Amino acid sequence: MMNQAVGEPGVLLSFEGIDGSGKSTQARLLADRLEAAGYETLLVREPGGTALSEHVRALLLENTDPSLEIDPVAEVLLFSAARAQLVAERIRPALAEGQVVIADRFFDSTTVYQAAGRELSVEWVRALNMQATRGLAPARTYFIDLPLEEAQARRAAHAADRMETSGTAFFERVRQAYLALTQEEERICQIDGAQPLEAIHETIWADVQSFLPTAPRASSAPSP
Ligand code: Z5A
């Protein structure tokens with residue numbers, strides 16, 4: 001049915017979308033509901049989630065020093081370095097323990113932002129993605145889709161980070177690449193991000209329930 005983290009008892013789920021689409025909100029809602037239902041859950045964001053990956057995040061996003069330019073190839077290697085550390089240090093161990101890992105962005109972000117957005121070779125970026133995760137792919141990916149203008153309006157409240165200053169044409173390439181990737185990859189489930197957040201959450205919850213094994217804590221609970 002879908003890609004699995006081969007050999008791992010846990011399940012890796014990822015959330016994708018342009019910034020402002022609502023994916024972080026949905027990732028959090030799902031993590032909370034899974035915890036309440038008895039699943040051991042780990043929620044991570046990308047880039048970030050380990051000491052090294054947070055340092056790399058600061059370089060990639062919070063860097064406002066105009067003399068510190070980041071070349072597109074250097075950029076993709078930095079995102080990949082942050083992910084490699086996160087997978088090795090936190091995601092793999094959590095999957096080995098049987099946890100449900102929810103990643104707020106994973107390698108599809110690199111495919112669309114760096115290959116499509118920065119116009120790097122998609123074959124090279126995909127190969128790099130596999131190296132960085134040592135072959136780990138999400139079992140299911142929720143792509144929350146929203147037109148650019150609506151996403152921009154939602155995120156207007158906060159100051160733009162380095163990636164967010166990349167311009168409208170860049171973000172159109174990113175959104176179109178997400179739409180194309182969704183056609184290619186069976187594991188990606190596209191959801192209309194313009195719906196109320198509760199409706200989006202219920203769609204995701206119904207889907208997750210269709211393939212997750214019974215919660216360990218729920219199944220080991222004594223019968224009343
Ligand atoms: N990036 C990359 O280039 N390559 C990579 O490999 C990786 C990342 C991993 C990370 O930024 C940046 O790095 C990102 C991609 C790039 N850059 N860009 N541009 P980040 O981690 O700081 O943030 P983000 O992931 O891009 O987005 P975000 O700030 O977390 O926003 P979001 O997840 O898309 O949305 P949200 O925070 O859930 O919601 C935004 C607002 O909308 C908020 O006020 C919500 O309350 C509201 N909202 C949410 N859902 C709804 C609905 N359904 N209706 C109405 N309002 C809603």
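Working from Cα positions, state the angle (0 to 90°, nearest 10) between the long axis of helix 168-184 and the longest principal axis of the chain. It is inclined by approximately 40 degrees.
Annotation: amide H of residue 43 within the under-5 Å range of 102, sequence separation 5 or more or interchain, hydrogens built in the peptide plane. Summing charges over all other residues whose Cβ lies under 15 Å from the Cβ of residue 129, with Lys and Arg as +1 and Asp and Glu as -1, gives -1.
Based on Cα contacts under 8 Å between residues 6+ apart, region 41-181 shows a relative contact order of 30 percent. The per residue volume of the convex hull around the alpha-carbon atoms of region 127-170 is 134 Å³. At full extension, residue 203 and residue 62 could sit 47.4 nm farther apart than now, given 0.36 nm per residue minus the alpha carbon distance. Our estimate of slack between residue 154 and residue 168, defined as 0.36 nm per intervening residue step minus the Cα-Cα distance, is 3.5 nm.
Which FRET efficiency value, to the nearest 0.05, is calculated for residue 32 and residue 184 with the Förster distance at 35 angstrom and r the Cβ-Cβ distance? Mind dumping the intermediate values first?
Numbers: r = 31 Å, r/R0 = 0.89.
The computed FRET efficiency comes out at 0.65.
Placing one identical point scatterer on every Cα of region 62-143 and ignoring solvent, what is log10 I(q)/I(0) from the Debye formula at q = 0.11, 0.12, 0.25 Å⁻¹? Log10 I(q)/I(0), no solvent term: -0.33, -0.39, -1.25.
Here the Debye sum runs over all C-alpha atoms of the chain as equal scatterers in vacuum, and log10 of I(q)/I(0) at q = 0.09 Å⁻¹ comes out as -0.36. Computed extension length for residue 88-residue 52: 11.8 nm, one decimal, from 0.36 nm per residue of separation with the Cα-Cα distance subtracted. Rounded to two decimals, the Cα-based Rg/Rh of region 1-103, with Kirkwood Rh, is 1.02.
If region 119-224 were replaced by its equivalent ellipsoid, with semi-axes equal to the square roots of 5 times the Cα gyration tensor eigenvalues, what would those be, largest first, whole Å? Could the numbers behind the result be given before it?
Numbers: eigenvalues 198, 94, 37 Å².
Its equivalent ellipsoid spans semi-axes of 31, 22, 14 Å.
Each residue of region 94-110 is assigned a 3J(HN,Hα), and the resulting list reads 5, 5, 5, 8, x, 7, 8, 9, 10, 9, 7, 5, 8, 5, 4, 4, 5 Hz, derived from the Karplus form 6.51 cos²θ - 1.76 cosθ + 1.60 (θ = phi - 60°), x at Gly and Pro.
Direction-averaged shadow area of the convex hull around the Cα atoms of region 100-177, nm²?
Numbers: hull surface 24.3 nm².
Value for region 100-177: 6.1 nm².
Its DSSP H runs of at least 4 residues, each contributing -39,500 (n - 2.57), put the calculated 222 nm mean residue ellipticity of the chain at -13000 deg cm²/dmol, to the nearest 500.
Bear in mind these aren't lab numbers, they're just calculated from the coordinates by the rules spelled out. Nothing here was measured: the structure is a model prediction, and the numbers come from that model. Because the Cβ atoms are built from the backbone with ideal geometry, glycine has one as well, and the counts that use them run over all protein chains shown.
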